[in-house]
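Report on the following structure.
Just so you know, all these numbers are worked out from the coordinates, no wet-lab data involved. Source: prediction; values computed, not measured. No Cβ is skipped: glycine too gets one built from the backbone with ideal geometry, and neighbour counts run over all protein chains shown.
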Amino acid sequence: MLEGQVRIPSGCAVSGFINKDRTLTDGSRIIKSIACMHDRSNGLGGGFAAYGIYPEYKDYYALHVFYDNSEVKAECEKFLDKHFDIVNLSKIPVRKTPKITDEPLIWRYFVKPLPTKLASSQLDEKEFTVKCVFKINSYIDGAYVFSCGKNMGAFKAVGYPEDVGEFYRLDEYEGYSWIAHGRYPTNTPGWWGGAHPFCLLDIAVVHNGEISSYDANRREIEMFGYKCNLQTDTEAITYIFDYLVRKIGMSYKEACDVIAAPFWNKIQAMDKADRDYYNYLRRNFDSLLITGPFSLIIGHEGGLIGINDRLKLRSMVVAEKGNTVYMASEECAIRAIESNPDVVYAPKGGQPVIAEVEYGI
Amino acid sequence: MEYRPARFEVLRNMDKCNGCNRCVKECACGVHYRSDSGKLCTRDYACVDCQRCVETCPAGALKIALNRNTFHPNDNWSERYIGEIYKQAATGGVLLSSMGNPNPMPSYFDRILINASQVTNPPIDPLREPMETKITLGRRDREIVRDASGRIAPKLVRGLSADVPILFSAMSYGSISYNAHAALAMAAKELNTYYNTGEGGLHKDFYAYGDNTIVQVASGRFGVHSDYLNAGAAIEIKMGQGAKPGIGGHLPGEKTVGDISATRMIPEGSDAISPAPHHDIYSIEDLRQLVDSLKEATGHAKPIIVKVAAVHNIAVIASGIARSGADIIAIDGYRGGTGAAPTRIRDNVGIPIELALASVDSRLRQEGIRDRVSLIAGGSIRSSADMIKAIALGADAVYIGTAALCALGCHLCRSCQQGKCNWGIATQNPELTKRLDPEEGARRLVNLVSAWTHEAEEIMGGMGINAIEVLRGNRLMLRGIGLTETELRILGISHAGE
Amino acid sequence: MAIYDAASLSGREINEIIKKEMDAKITFTGVNGQRFICDGMKDKLVTVDGVAGNASGAYMDSGELSVIGNAQDAIGDTMNGGRIFISGRCGDATGYAMRGGEIYVGKDVGYRAGIHMKEYGDDKPVLVIGGIAGDFLGEYQAGGLIIVVNTERAACPLGEDYAAGMHGGKIVVFTDCQPAPRAGVQVREVAARDIKEIEEYMRRFCTFASLDYSSEISRKAYVLEPMGRNPYKRLYVNN
């Protein structure tokens, strides 16, 4: 059974950090961080996302694609050619290691929607790109776009995360924000697309826990044009954020207030303005509440968010040092790369930690 | 010659009977009587097995049993069919029954199993950690409006909100007694949920419970006027009910007496006839017209519920209703109860709520309009487990009618249409209605709903879900057992073991 | 009197004006099919120039709605009190489930007029039809008064299946040709007591329709009345 044909619960490790002043850090630090939570993974999935890594193509969508074979690749490229202006395409460079095997063809394209196609679709550029990615992932069997944002990219594989980082030569990339994931699935998916992070446009999500609201969330979000092909929590959560932020127009903080809404009795005890606000969110977005254990790190071009479920059934530690904010499942993952943080704390359940890049620099 | 086969026989233990005459007084059906010579006798054919005499006999001397006298056994021509033919041959009448379909039809609730967490995520202990059963019903409004400072400006959205996902379904004053209505109203208030007037109007005494009242508008429009529409928290348009889809109602003139006539606003002794259709609704666009006219008459403040019976093409019907301005759709399955329905309709028309609900929920999602309406499922919700399964299949809440009546003492003798309810529920005979103490009834209703809610919390906790809104439509939490591929496909669930 | 041009107003906006307007007399010109006008209204005197849309006057409590022109379907649905005057014709289901108030239609009404009319206490609904009625006039009628004036002197001003299931109230039909009796409904010539009962409404109708009361009221007329209030008593057998 492959990912998507059956729902596979998994445990995990997450880590991430952001330099709010957009200074760049190479990938070796995040590998070091996630590596020290080795026991939270079981070698069946690891991955990273990095922001600010493609400055020379920052106005183009960077598509990272897995192919099963070259026939599929040809078919997919035909599709891409028809819908996008492709300014650059190449294999994603990898470093062979015996710890990472059975690799698919891994390609990268920097693209922009063709103006004529975009105009006739009557969609905005982002929605057009999303629709095309969904089409490839749903209908071109053997092709899978696993990253499609601008000036960012995801890198993932079956294996332990530190080996995955090594494989993708992440030490050669420089980004201002990094997230990482080590996976502990309960059976063997054996498919690279199933590893995390899960990405859509500039949103990348890594997640630890198995949510109990999954099918309610999935069936709700699928009403709005999303298709949960992988049947993973992370995929559903990514779509929820895309829906709330990009389509509904919420801020990330407001979206967090939807997915980890306070309990009703807490809301009743709030002052009127907050009470009205949370009543409104719970009344109108109730199917996007997420229950069950989760700790999430959400990356987007403007920042990094860490959030736990409202009962705090999963661990999360946050630290700050100067302009850098760290988030991880365990404190050791932060200490491994920042031995002397200014502050270390564990956020309360349901209360998001929101780090935003400082614009205007 | 009149054939009057008795379904039950009354067994009196003469060693225990002290001849106190209590059974004669208690039985309004006239089963127990003293003969001219003073002997305690029974008319077995009149017995409906309501158990009133059994429960009230101070000596414990009575039992009601299925009649040991048997017709010549015949699996095809059962005694039931033969007896019904005798009745119709004697009277030329349409067979009239009550409560829900009693036939051995499949119950899908009984063939669905619920999930629980093991290892990969934790169950939640509902006695010590938060567990939310509060529901909100109505259209979801997702258009964000911001104030000058950029904060979300929360909108007041028309809808209902209850502490429990259980509402009392429509039962009119007239079909049930004043005391039964009083008990339902008081219980709804204490539970912070809703009861439903049915189509008999709202007694003036119960306007005080308006915040916990759903007022119904049915085809007969009994007791409907501007103040009535504005008195409740919501208005329910009754298009149909599970026990008798496609037909109207008929409260015989002998029941429209006293306050019933005043509340229905028709003269005493007049038949109260509800037409089969709403005569201003012959098509879906006409439904929008009634929905909108009710909104106009109430300043667009009250959510509108449209109640329909589960029939074959319920999914597209519901889709049409969702596009007609309704805020809530109530679907009533074919096992739903009633005060009186033609037997053949009750037993043969409509489809099970489980299948109807699942297909409606799926259809509304396919069309991307599930967030426009809430769904209330009714039609034989017998336990908290049925309720949980209904919600996981896609309901926002459930309606209970029969279960509520049982809490009030109903023994399901299915003879409401006779108006002789010995438990004081489905009767207007003052000698009988006083048997139901409304305070005691309300207490029992509160107990029942509280108990179900506790059980639901335990079940939800087991699944690791601590807010009922994300149990809604969470079909991954269900598995079928012994169901065909077709049944599983319609229910949208996998088979146990998958 | 306040006058509004309704050409660009919705039914909802018209009702908001009716609620807010301080002047009790309000006229809307240019109405063309806006629905729900005067729904649930109390006390105001509203004139509508044009075609009144579906379900106008529904749940009306008191006051007056005058339509200069025709009206569409379900006018006066579940009306409780007040008066509705329609100078032209009216669509289907006029006065459905009325419990009180009066509706005067200058010309014809469509199918199922006055069905399920009922009365209670002092509330007695009255529907006066100037022209002729479509089929099922007074179906399930449980109370109240329906008068078919038949000003054009049609030979037969009733459609098919009139008074089906009638079990209360009265229908008075001005016609030279006696309507056929219906199951459970008797037909007789109008009597002095009937004239007394309808006089107030006939006078009001004649004033509204500019007709001479004495020449109208003296025409030949028949009364339809139910034989009992429980038409289906023997329909059922307990099972």
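Under the criterion of Cα pairs below 8 Å and six or more residues apart, the relative contact order for chain C equals 10 percent.
Residue exposure proxy: C:84, B:459, ordered by other Cβ atoms within 10 angstrom of their Cβ from fewest to most, comes out as B:459, C:84. In the range C:1-93, inverting the average of 1/r over every pair of distinct C-alpha atoms gives 12.3 Å as the Kirkwood radius.
How much net charge surrounds residue B:187 when only other residues with a Cβ under 15 Å from its Cβ are counted (Lys, Arg +1; Asp, Glu -1)? Kindly include the intermediate steps, with their values, before the conclusion.
Working: positive: B:189, B:443, B:444; negative: B:163, B:190, B:211, B:437, B:439, B:440.
The answer is -3.
The per residue volume of the convex hull around the alpha-carbon atoms of the range C:89-239 is 108 Å³.
The Rg/Rh ratio for the range A:199-354 is 0.97, where Rg is the radius of gyration of the alpha carbons and Rh is the Kirkwood radius. Looking at chain B, the pairs of alpha carbons with a distance over 44 Å make up 17% of the total. Between C:164, A:49, B:157, the Cα set farthest toward the positive side of the dipole of the protein assembly as shown (charges on each charged residue's Cβ, about the Cα centre) is that of C:164. Result for chain A in a Gaussian network model with C-alpha springs under 10 Å: among A:165, A:47, A:249, the largest mean-square fluctuation is at A:249.
Determine the gain in length on full extension of the stretch residue C:3-residue C:155; use 0.36 nm per residue of separation and subtract their C-alpha separation, reporting nm with one decimal. Write down the numbers at each step before the final one.
On the way: separation 152, 0.36 × 152 = 54.72 nm, distance 4.14 nm.
Stretched fully, the residue C:3-residue C:155 segment lengthens by 50.6 nm.
For the range B:1-78, trypsin sites (Lys or Arg not before Pro) meeting the loop criterion (DSSP other than H, G, I, E, B) and having at most 11 other Cβ atoms within 10 Å: B:39, B:68. With neighbours defined as other Cβ atoms within 10 Å of a residue's Cβ, the residues B:204, B:307, B:155 order from fewest to most as B:204, B:155, B:307.
Between the listed residues B:348, B:188, B:136, the Cα displaced farthest toward the positive end of the dipole of the range B:135-495, a dipole computed from Cβ unit charges relative to the Cα centre, is found at B:348.
Pairs of lysine residues in the range B:1-151 that meet both criteria, 8 or more places apart or on different chains and Cα atoms under 27 Å apart, total 7. Rounded to the nearest 500, the 222 nm mean residue ellipticity of chain C from helices alone is -4000 deg cm²/dmol, with -39,500 (n - 2.57) taken per DSSP H run of at least 4 residues. In terms of overall dimensions, the C-alpha atoms belonging to the protein assembly as shown reach 108, 87, 56 Å along their principal axes, ordered largest to smallest. Ordered by the number of other Cβ atoms lying within 10 Å of each residue's own Cβ, fewest first, C:123, A:233 fall into the sequence C:123, A:233.
Based on Cα contacts under 8 Å between residues 6+ apart, the range B:8-93 shows a relative contact order of 35 percent. For the cross-link pairs B:302/C:170; B:189/B:434; A:73/A:131; A:253/A:321, the ones whose C-alpha atoms lie over 26 Å apart are B:302/C:170.
So what is Rg over Rh here for the range B:1-65, counting just Cα atoms and using Kirkwood for Rh?
We get a ratio of 0.95 for the range B:1-65.
Shape class for the range B:206-359, computed from the alpha carbon gyration tensor (a ≥ b ≥ c): oblate, with a/c not under 1.5 and a/b at or below b/c.
When only C-alpha pairs under 8 Å and at least 6 residues apart count, what is the relative contact order of chain B, in percent? Don't skip to the end; give the middle numbers.
Values: 1046 pairs, mean separation 96.3, N = 498.
This gives 19 percent for chain B.
Dipole of the range C:1-59 computed with +1 at Lys/Arg Cβ and -1 at Asp/Glu Cβ about the Cα centre; of C:53, C:41, C:1, farthest Cα towards the positive end is C:41.
Report, in deg cm²/dmol and to the nearest 500, the calculated mean residue ellipticity at 222 nm for chain A, where each DSSP H run with n ≥ 4 adds -39500 (n - 2.57) and the sum is divided by the residue count. Don't jump to the answer; show the numbers that get you there.
On the way: 11 runs with 99 residues, N = 361.
Mean residue ellipticity, 222 nm, calculated: -7500 deg cm²/dmol.
The dipole here belongs to the protein assembly as shown: it is taken about the Cα centre, uses +1 on the Cβ of Lys and Arg and -1 on the Cβ of Asp and Glu, and is about 1960 debye. Loop-located GluC sites (Glu not before Pro) across the range B:1-110 with a Cβ neighbour count of 12 or fewer within 10 Å are B:2, with loop assigned by DSSP. For residue C:19, the aspartates and glutamates whose Cα falls under 12 Å of its own Cα, not counting residues fewer than eight places away in the same chain, are B:296, C:39, C:43. Kirkwood hydrodynamic radius computed over the range C:1-49 comes to 10.5 Å, based on all pairs of distinct alpha carbons.
Roughly speaking, what is the centre-to-centre gap between the range C:1-74 and the range A:23-66 when only Cα atoms are used, to the nearest Å? Using only Cα atoms, the two centres lie 67 Å from each other.
Here the dipole of the range B:135-495 is about 540 debye; that uses its Cα centre as origin and unit charges on the Cβ of Lys and Arg (positive) and Asp and Glu (negative).
Compactness ratio for the range B:321-466: Cα radius of gyration over 2.2 N^0.38 Å (N = residue count) comes to 1.20.
Cross-link partners for residue A:312 among the aspartates and glutamates, with Cα-Cα distance under 12 Å and sequence neighbours closer than 8 places in the same chain left out: B:129. By the scheme Lys and Arg +1, Asp and Glu -1, what is the net charge of all other residues having a beta-carbon under 12 Å from that of residue B:413? Local net charge: +3.
What number in nm² do you get for the range A:19-162 if you take the convex hull of its Cα atoms and divide its surface by four?
Working: hull surface 39.9 nm².
Reported value for the Cα convex hull: 10.0 nm².
Using the Kirkwood radius over Cα pairs, work out the Stokes-Einstein diffusion coefficient for chain A at 25 °C and 0.890 mPa s, in µm²/s as a whole number. Write out the running numbers ahead of the final one.
Values: Rh = 20.4 Å.
Answer, rounded: 120 µm²/s.
Set against the 2.2 N^0.38 Å expectation for a compact globular protein, the range B:146-206 has a Cα radius of gyration ratio of 1.64.
Calculated FRET efficiency, residue A:356 to residue A:174, Cβ-Cβ distance, R0 = 22 Å: about 0.65 to the nearest 0.05.
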